[in-house]
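Report on the following structure.
The values are calculated or read from the model by the stated rules, or taken from the named source; none is laboratory data. A quick note: this is a predicted structure, and the numbers were derived from the prediction, not measured. Note: ideal-geometry Cβ built from the backbone for every residue, glycine included; neighbour counts use all protein chains shown.
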Amino acid sequence: MERVIRASQAELDAAVAALRAGELVAFPTETVYGLGADAANPDAVRQVFALKGRPATHPVIVHVADAGQLSRWVRAVTPEAQQLAEAFWPGPLTLVLPRAAGVHDVVTGGQETVAVRVPSHPMARQLLQAFGGGIAAPSANRYGRLSATQAAHVRDEFGDAVKVVLDGGECPVGLESTIVSCEPGRLRLLRPGSITLGQLRAVVGDVQVGADASSPRVPGSTLAHYSPQTPMQRVPGEQLAARVAALCAGGQRVAVLALRAPPLARPDVIWMTAGLGHEAYAHDLYATLRTLDKAGCAVILVQEVPGDERWDAVRDRLVRAAAREATDGGTLPTFSVGELP
Ligand code: TXA
Ligand code: MG
């Protein structure tokens with residue numbers, strides 16, 4: 001089936017009218033679906049927090065049609081931020097910059113910075129161009145849960161509570177954007193995404209990994225995040241078959257997300273193969289975890305993924321999805337060891 005990636009004029013009109021009326025619009029981006037509100041309307045943005053169940057201290061990303069709109073949201077664009085924007089926008093990169101006067105606290109979580117991004121998905125671009133303003137949008141999922149990479153996932157999360165859901169098919173990347181905080185002379189990778197540390201460094205030289213005490217807070221770095229309801233454990237590939245066998249021997253149904261096909265088919269094992277390529281794996285990850293989460297298993301075992309940096313974003317999400325305790329501010333060293341500062 002051909003992927004639907006452009007909204008009709010009627011869909012766009014309805015979405016823009018909803019945003020102008022202070023209502024929410026879910027829309028596709030190249031990373032994941034966003035739950036959007038007019039970023040200049042604090043009451044509308046508050047509804048996003050209420051619907052997600054998201055703490056008010058967690059800031060949201062402002063999406064804009066192009067970098068020319070940044071001055072409404074950002075006080076000053078550092079030279080490094082400019083270089084990154086030129087290299088990767090439109091695309092899956094979020095820049096954290098000093099906020100402009102008039103950007104509401106509800107957007108920034110009361111911080112002096114604001115996160116901005118120019119998405120590349122054709123439907124997101126259509127929406128942003130037609131709306132003309134900034135759209136504040138976190139991922140379109142209940143707080144702490146798996147992100148949505150299909151319109152059906154958004155409906156699963158929110159039902160009729162979100163009236164306008166633009167359906168752009170499956171999100172091509174499948175993982176949330178790379179987030180870089182840009183303080184003068186000091187760049188930090190706050191969340192890994194499909195744009196890797198190596199790609200960032202190739203453009204701007206030094207980029208440090210993770211936040212420190214003085215960095216902007218990234219509540220998405222809360223340890224437990226992106227989680228299925230079924231407990232999830234990461235297992236080294238060579239131990240996978242034995243772990244599955246032990247759990248089944250104990251009478252449990254087991255879900256498995258593996259890089260390879262199952263050694264043998266068993267009725268009490270739901271085994272999904274994610275493939276060996278990091279892009280296909282990322283594309284399918286949330287949809288696969290949603291399917292496994294609904295399979296009625298006692299546990300989801302996830303085979304550990306390769307250690308190279310192209311897998312950093314996937315590994316980061318798997319570590320957080322497997323964490324049960326929310327320890328806010330936890331910044332995990334989930335990057336490749338060779339990449340740590
Ligand atoms: O790919 C994405 O980034 C998707 C799509 C919809 O654009 N959005 C997304 O939003 O993942 P959300 O809210 O689920 O994650 C945004 C992350 C959060 O961890 C938030 O704490 C962080 O960005 N963030 C937002 N504003 C920030 C700021 N001013 N300083 C530091 N971190 C910020
Ligand atoms: Mg999110």
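Taking the stated definitions as given, is Val48 within 15 Å of ligand 1 (Cβ to nearest atom), β-branched (Val, Ile, Thr), in a helix (DSSP H, G or I) and closer than 27 Å to Leu187 by Cβ? No: the conditions fail for Val48. Can you confirm whether segment 193-203 contains a residue that is within 13 Å of ligand 2 (Cβ to nearest atom), assigned to a loop (DSSP other than H, G, I, E, B), among the polar types (S, T, N, Q) and touching an Asp or Glu at 6+ places or on another chain (Cβ under 7 Å)? Checked segment 193-203: no residue is within 13 Å of ligand 2 (Cβ to nearest atom), assigned to a loop (DSSP other than H, G, I, E, B), among the polar types (S, T, N, Q) and touching an Asp or Glu at 6+ places or on another chain (Cβ under 7 Å). Taking segment 56-83 as the range and being more than 16 Å from ligand 2 (Cβ to nearest atom) and either aromatic (Phe, Trp, Tyr) or closer than 19 Å to Leu128 by Cβ (or both) as the test, the residues that pass are Val64, Ala65, Asp66, Ala67, Gly68, Gln69, Leu70, Ser71, Arg72, Trp73, Val74, Val77. Of all positions in segment 260-280, at least one carries a residue that is closer than 22 Å to Arg315 by Cβ, among the small types (Gly, Ala, Ser), within 21 Å of the chain's Cα centre (by Cα) and in a helix (DSSP H, G or I). Farther than 26 Å from Glu279 by Cα, at pLDDT below 95, within 16 Å of ligand 1 (Cβ to nearest atom) and basic (Lys, Arg) - does that describe any residue in segment 179-188? Checked segment 179-188: at least one residue is farther than 26 Å from Glu279 by Cα, at pLDDT below 95, within 16 Å of ligand 1 (Cβ to nearest atom) and basic (Lys, Arg).
In the set Ala255, Ala313, Ala246, only one residue is in a helix (DSSP H, G or I), at pLDDT 95 or above, surrounded by 14 or more Cβ atoms within 10 Å (Cβ to Cβ) and not hydroxyl-bearing (Ser, Thr, Tyr); that residue is Ala313.
Taken together, the residues in segment 60-73 that are in contact with a Pro (Cβ under 9 Å, 6 or more places away or on another chain) and either over 22 Å from His121 (Cβ atoms) or among the charged types (D, E, K, R) (or both) amount to 1.
Look at segment 56-84: where a residue is closer than 21 Å to Val45 by Cα and assigned to a strand (DSSP E or B) and a partner is among the polar types (S, T, N, Q) and within 11 Å of ligand 1 (Cβ to nearest atom), sitting 6+ places away or on another chain with Cβ atoms under 6 Å, you get Ile61/Thr94.
Summed over segment 104-147, the residues that are surrounded by fewer than 22 Cβ atoms within 10 Å (Cβ to Cβ) and of a type in the set (A, V, I, L, M) give a count of 2.
Taking the criterion of being closer than 21 Å to Val116 by Cα and in a helix (DSSP H, G or I), the residues of segment 16-41 that qualify are Val16, Leu19, Arg20. Identify, from the list Ala10, Ala50, Ala21, the residue that is in contact with a helix residue (DSSP H, G or I) (Cβ under 9 Å, 6 or more places away or on another chain) and not basic (Lys, Arg). From the options Ala10, Ala50, Ala21, the qualifying one is Ala21.
Is it fair to say Thr113 is more than 18 Å from Ala282 (Cα to Cα) and hydroxyl-bearing (Ser, Thr, Tyr)? In short, yes. Number of residues in segment 118-154 that are within 20 Å of Val103 (Cβ to Cβ), more than 13 Å from ligand 2 (Cβ to nearest atom), out of contact with any Pro (no Cβ under 8 Å at 6 or more places or on another chain) and of a type outside the set (A, V, I, L, M, F, W, C) equals 3. The number of residues in segment 49-90 that are surrounded by fewer than 22 Cβ atoms within 10 Å (Cβ to Cβ), aliphatic (A, V, I, L, M) and touching a Gly at 6+ places or on another chain (Cβ under 8 Å) comes to 2. Of the candidates Pro119, Pro98, the single residue that is under 15 Å from the mean Cα position of the chain (by Cα) and within 18 Å of Ala81 (Cα to Cα) is Pro119. Among the residues of segment 89-103, the ones that are within 14 Å of Trp73 (Cβ to Cβ), near ligand 1 (Cβ under 10 Å from one of its atoms) and part of a loop (DSSP other than H, G, I, E, B) come to 1 in all.
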